[in-house]
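First the structure, in the form of structure tokens, and then the observations on it.
The values are calculated or read from the model by the stated rules, or taken from the named source; none is laboratory data. Predicted, not measured: the structure shown is a model, and the values here were computed from it. As a convention, Cβ positions derive from the backbone with ideal geometry for all residues, glycine included, and neighbour counts pool all protein chains shown.
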Amino acid sequence: METAREDELLAMENIFGPEEFRRSETSSDGVMQVCPHLPRDFKLIKKGERNGEYDVQFLPPLIVDFELPQTYPSHSSPAFRLSCQWLHHNQLSKVCRHLDEIWQNTGGGVVLFSWFQFLSEDLLGFLSIHSPWEIPCMEEPELGASAQVTDTSDPRVTTTNNASDADILQRLLDHNQRMQQKVFEGRHLECGICFLAKSGSDCHRFKGCDHVFCKDCVANLFRIGIEEGGVQLQFRCPDTDCDSVATPSEVKELVGEELFSRYDRLLLQRTLDCMADVMYCPRPNCSSAVVLEPGETWAFCAPCAFAFCTDCRKGYHGVERCAKGTTANSDPDSDPSAENAPLPKTLEGMQALWEDYETGASSRRRLLQHRYGRGLFLKEMTDALSEGWIDTNTQECPKCSVKIHKIGGCNIMHCATCLSFFCWHCHVVLPRNNPHMHLQDGGCTLPD
């Protein structure tokens with residue numbers, strides 16, 4: 001009998017993978033995780049709801065923890081415990097009794113493979129589960145006063161939880177999605193853009209349409225769209241006949257955190273620009289977006305607690321006429337007295353705004369020029385960015401204070417204005433006859 005037990009365990013290990021069958025290394029016990037085979041177009045519905053069917057290809061496994069006693073298989077069946085997320089206690093008890101019957105019908109033979117085959121191929125028919133299947137409640141049904149009470153529970157059943165129908169349905173759908181992704185990653189597919197065969201793990205499947213392209217091609221399309229200013233409110237599936245739209249999570253997964261942050265910022269900015277009831281706070285140190293109330297001529301900026309007139313963009317003045325007589329619809333370029341939106345005060349803000357302008361389409365550029373005033377916008381932006389670049393990328397000559405930009409080479413710098421030598425790292429003026437001695441003698445204490 002010991003030989004029969006060992007042969008059966010070895011055979012099960014060779015037939016099934018470690019996710020389906022695992023045995024103990026020190027004893028004759030183990031675990032089987034059996035996923036039932038579902039018919040084509042199998043659907044789930046939530047109990048009590050007539051609308052809303054869910055297509056599934058996979059259900060979570062039934063888990064059988066077994067132990068083979070010394071008298072198995074001739075005189076006793078395996079000892080086991082059975083658990084499952086989506087069957088209630090009475091159904092699992094019925095399955096336990098049928099597993100006993102399968103062993104009895106073998107006449108003292110090995111039974112693990114037969115159990116596995118029944119659970120994977122015949123379980124749904126045995127329990128009369130057909131599509132569309134209404135998700136049952138894990139709690140036992142209440143019995144009426146005249147109903148006859150019979151104890152059909154089996155002590156070998158392990159109830160995993162008493163979750164609600166909604167929780168059970170969500171778990172089943174989550175498991176189905178994970179298994180579908182696992183199968184997808186194991187396939188080899190042809191990208192519809194580069195026409196190269198790629199593994200599923202290197203491909204992206206659009207959630208809205210299931211069209212598949214390799215991640216490199218889709219990521220490049222998204223990246224070019226963001227970097228070159230072609231950002232629309234949505235990124236569409238590359239298939240020419242498809243209107244499916246990529247979700248923000250899909251865009252973030254493909255382009256990375258840094259580029260997605262820019263995409264998200266531009267997307268928000270352009271969304272606000274398209275909203276007629278949004279204005280920006282006129283305070284230079286705020287510039288927050290403010291939603292206008294219909295029919296009102298004033299607005300309140302919550303971040304800085306400033307109430308202002310939507311016509312002249314000054315502090316709210318009640319029924320008094322605007323001091324400059326301007327309106328929100330006047331053209332700032334044609335009226336030099338018109339108030340424009342304030343430019344960002346930080347270098348980072350100016351760089352982000354200029355990047356938006358440089359990469360934007362012509363309509364986007366006109367909108368920014370109108371908002372900030374064309375002449376002021378172009379002059380202030382170029383001046384600020386030039387000064388910011390100089391401050392970041394240059395150093396002053398320690399002798400004549402001329403700005404010097406280091407392109408490459410060693411750290412011994414030669415000022416073309418005063419002809420002096422100095423060290424780029426420690427900023428020390430060096431002797432003209434042999435300035436490189438500073439590096440050879442260890443005169444520079446800063447690392448290269």
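Within segment 241-281, the set of residues being among the acidic types (D, E) and within 13 Å of K207 (Cβ to Cβ) comprises E250, E253. Tell me whether segment 307-323 contains one or more residues that are surrounded by fewer than 16 Cβ atoms within 10 Å (Cβ to Cβ), among the basic types (K, R) and either modelled with pLDDT under 80 or under 24 Å from L367 (Cβ atoms) (or both). Looking for residues that are surrounded by fewer than 16 Cβ atoms within 10 Å (Cβ to Cβ), among the basic types (K, R) and either modelled with pLDDT under 80 or under 24 Å from L367 (Cβ atoms) (or both), one finds at least one in segment 307-323, hence yes. The residue list F195, F206 contains one member that is assigned by TED's automatic domain parsing to the domain that holds L267 and in contact with a Ser or Thr (Cβ under 9 Å, 6 or more places away or on another chain), which is F206. Evaluating L92 against the criteria (1) of a type outside the set (S, T, Y); (2) within 24 Å of D174 (Cβ to Cβ); (3) surrounded by fewer than 19 Cβ atoms within 10 Å (Cβ to Cβ) leaves one unmet condition, (3). Of the listed requirements (1) under 27 Å from the mean Cα position of the chain (by Cα); (2) under 24 Å from Q351 (Cβ atoms), C286 misses just one: (1). Could you please let me know if Q57 is under 43 Å from the mean Cα position of the chain (by Cα) and either surrounded by fewer than 16 Cβ atoms within 10 Å (Cβ to Cβ) or assigned to a strand (DSSP E or B) (or both)? Criteria met by Q57. The residues on offer are A289, A246, A219, and the sole one that is in the same structural domain as C301 (by TED's automatic domain parsing) and in contact with a helix residue (DSSP H, G or I) (Cβ under 8 Å, 6 or more places away or on another chain) is A289. Among the residues making up segment 20-41, those that are among the charged types (D, E, K, R) and part of a loop (DSSP other than H, G, I, E, B) are E20, E25, R40, D41.
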